[in-house]
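S.K.: Dropping a structure here in structure tokens format, bear with me for questions.
The values are calculated or read from the model by the stated rules, or taken from the named source; none is laboratory data. Just so it is clear, the model here is predicted, and its values are computed rather than measured. As a convention, Cβ positions derive from the backbone with ideal geometry for all residues, glycine included, and neighbour counts pool all protein chains shown. Accessible surface areas use protein heavy atoms only, side chains included; no ligands, DNA or RNA. Shrake-Rupley method; radii C 1.70, N 1.55, O 1.52, S 1.80 Å.
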Amino acid sequence: MMKTANGFRYVPFITLSLSEPEPRIWITLSGCNFKCKGCFSIARDTIGEPMTVDGLIHWVKKSSRAYNGNTLLQDAVITGGEPTLDKDFLLDLVLNLKRSVGVKHITLSTNGYLLDKEYVMELKDAGLDGVKLDIKAYNESIHQWYTSMSNRSVLKAARYLWESKLDFRVETVLMPEIVDVEEIERIASFLAQIDPGIKYKVIKFAPGEAREKVTRRPSDNEIQLAVNSASKYLRNVAGGKACVQQFASPGSREEEAKKWVRVYPDMKTETIIAKPGGFEVS
Ligand code: SF4
């Protein structure tokens with residue numbers, strides 16, 4: 001029998017991939033405890049419909065059946081906003097995605113602020129497989145200025161996540177003159193003290209998608225410089241774009257040919273096709 005959290009989260013939409021052989025879903029839980037100036041997520045605000053875990057699981061199953069038939073979902077990414085705001089809700093969601101929906105691999109995308117050691121282990125026990133942690137800045141005053149919150153618990157969370165042996169990776173957005181190459185190097189050095197094998201990705205700031213255009217888009221050369229600096233400390237460093245699905249909005253200029261469907265709480269849908277030159281939304 002499904003265990004249901006007492007609370008609910010607001011969910012604006014769920015998103016299914018249509019161009020990959022292995023079906024994948026993104027579950028967007030809206031609302032966030034950070035106020036990142038360059039946030040590109042519309043889900044930072046509490047938007048969408050209030051959902052219990054029970055209701056959300058039902059919606060996921062119905063949408064998945066409509067687009068994937070009987071093929072089991074390979075991956076689920078729980079994202080936001082910030083998914084950890086209601087700890088019981090997230091635990092139940094992970095548990096039921098595994099047990100009731102049969103998702104093979106679940107990843108949590110988080111700012112890490114609310115992840116303490118005990119909660120990380122509870123999530124793992126519930127069935128969580130991986131975590132993508134955003135470290136916005138290493139310098140406390142930059143982090144405070146950019147997010148409105150301290151980074152102390154985020155940095156502690158990095159250690160807990162590594163100790164948990166979950167599939168763990170870290171991302172940072174390179175923002176010229178704010179979170180610059182030196183700051184990336186400080187983050188890489190910090191992570192290397194935990195384990196030089198931690199996977200780390202440097203993402204390009206995209207002012208066109210940001211709430212506040214706090215800086216310009218870094219060049220490919222600057223990304224490469226940041227990757228090179230981080231690689232002095234870490235073995236697995238990559239540079240590039242954030243998940244293209246997160247940027248999927250009309251007028252965006254990502255260049256990967258991919259296709260998703262967004263399913264809204266009333267089961268209305270929006271198909272998003274990313275192709276060279278822009279997005280088509282129908
Ligand atoms: S943590 Fe993520 S969703 Fe929250 S404000 Fe920052 S970028 Fe936006």
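S.K.: Can you tell me which residues in segment 76-92 are open to solvent by 30 Å² or more (accessible area, probe 1.4 Å) and in a loop (DSSP other than H, G, I, E, B)?
M.R.: Those that are open to solvent by 30 Å² or more (accessible area, probe 1.4 Å) and in a loop (DSSP other than H, G, I, E, B): 85, 86.
S.K.: While we're looking at this one, here's another question. Hey, can you tell me all the residues within segment 19-46 that are at pLDDT 95 or above, surrounded by fewer than 19 Cβ atoms within 10 Å (Cβ to Cβ) and more than 12 Å from the ligand (Cβ to nearest atom)?
M.R.: none
S.K.: Suppose the filter is more than 12 Å from residue 263 (Cβ to Cβ), more than 20 Å from the chain's Cα centre (by Cα) and open to solvent by less than 30 Å² (accessible area, probe 1.4 Å); does residue 7 pass it? Lay out the reasoning, then the answer.
M.R.: Details: more than 12 Å from residue 263 (Cβ to Cβ): yes; more than 20 Å from the chain's Cα centre (by Cα): yes; open to solvent by less than 30 Å² (accessible area, probe 1.4 Å): yes.
Spelling it out, residue 7 is indeed more than 12 Å from residue 263 (Cβ to Cβ), more than 20 Å from the chain's Cα centre (by Cα) and open to solvent by less than 30 Å² (accessible area, probe 1.4 Å).
S.K.: Another one. Is it the case that segment 160-176 has a residue that's in contact with a His (Cβ under 6 Å, 6 or more places away or on another chain), more than 16 Å from the ligand (Cβ to nearest atom) and not aliphatic (A, V, I, L, M)? Steps first, answer last, please.
M.R.: Filtering segment 160-176 down to residues in contact with a His (Cβ under 6 Å, 6 or more places away or on another chain) leaves none.
The answer is no; no qualifying residue exists.
S.K.: Follow-up. Considering each of 73, 95, 16 in turn, give the residue that is more than 16 Å from the ligand (Cβ to nearest atom), at negative phi, assigned to a strand (DSSP E or B) and in contact (Cβ under 8 Å) with a residue 12 or more places away in the chain.
M.R.: Working: 73 fails: assigned to a strand (DSSP E or B); 95 fails: assigned to a strand (DSSP E or B).
Exactly one of 73, 95, 16 is more than 16 Å from the ligand (Cβ to nearest atom), at negative phi, assigned to a strand (DSSP E or B) and in contact (Cβ under 8 Å) with a residue 12 or more places away in the chain, namely 16.
S.K.: Here's another thing I want to ask about it. Hey, any hits in segment 209-221 for a residue that's among the basic types (Lys, Arg), within 16 Å of the ligand (Cβ to nearest atom), in contact with a strand residue (DSSP E or B) (Cβ under 6 Å, 6 or more places away or on another chain) and within 24 Å of residue 41 (Cβ to Cβ)?
M.R.: In the first step, residues of segment 209-221 are kept if they are among the basic types (Lys, Arg); the result is 211, 213, 216-217.
From the residues that got through so far, the ones that are within 16 Å of the ligand (Cβ to nearest atom) too are 211, 213.
Subset that is in contact with a strand residue (DSSP E or B) (Cβ under 6 Å, 6 or more places away or on another chain): none.
No: zero hits.
S.K.: What is the residue count in segment 101-113 for residues that are within 15 Å of the chain's Cα centre (by Cα) and either within 19 Å of residue 147 (Cα to Cα) or away from the ligand (no atom under 16 Å from the Cβ) (or both)? Even if it seems obvious, please write down each step before you answer.
M.R.: Kept after step one, since they are within 15 Å of the chain's Cα centre (by Cα), are these residues of segment 101-113: 105-113.
Going one step further and asking which of them are either within 19 Å of residue 147 (Cα to Cα) or away from the ligand (no atom under 16 Å from the Cβ) (or both), we end up with 105-106, 109-113.
Of the residues in that region, 7 qualify.
S.K.: Assuming residue 150 fulfils every condition listed in (1) away from the ligand (no atom under 16 Å from the Cβ); (2) surrounded by fewer than 23 Cβ atoms within 10 Å (Cβ to Cβ) apart from one, which condition is it?
M.R.: Of everything listed in (1) away from the ligand (no atom under 16 Å from the Cβ); (2) surrounded by fewer than 23 Cβ atoms within 10 Å (Cβ to Cβ), residue 150 misses just condition (1).
S.K.: Among the residues of segment 123-146, count how many are open to solvent by 50 Å² or more (accessible area, probe 1.4 Å) and either within 11 Å of the ligand (Cβ to nearest atom) or within 30 Å of residue 103 (Cβ to Cβ) (or both). Even if it seems obvious, please write down each step before you answer.
M.R.: Within segment 123-146, the first condition is being open to solvent by 50 Å² or more (accessible area, probe 1.4 Å), and the residues that meet it are 124-125, 138-139, 141, 144-145.
Checking which are either within 11 Å of the ligand (Cβ to nearest atom) or within 30 Å of residue 103 (Cβ to Cβ) (or both) leaves us with 124-125.
Residues flagged as open to solvent by 50 Å² or more (accessible area, probe 1.4 Å) and either within 11 Å of the ligand (Cβ to nearest atom) or within 30 Å of residue 103 (Cβ to Cβ) (or both) within segment 123-146 amount to 2.
S.K.: Also, quick follow-up: How many residues, within segment 173-213, are outside any helix (DSSP H, G or I) and out of contact with any Phe, Trp or Tyr (no Cβ under 8 Å at 6 or more places or on another chain)?
M.R.: Start the filter on segment 173-213 by keeping residues that are outside any helix (DSSP H, G or I), which leaves 173-180, 195-213.
Narrowing the set further to residues that are out of contact with any Phe, Trp or Tyr (no Cβ under 8 Å at 6 or more places or on another chain) leaves 177, 180, 197, 200-205, 207-208, 212-213.
So the answer is 13.
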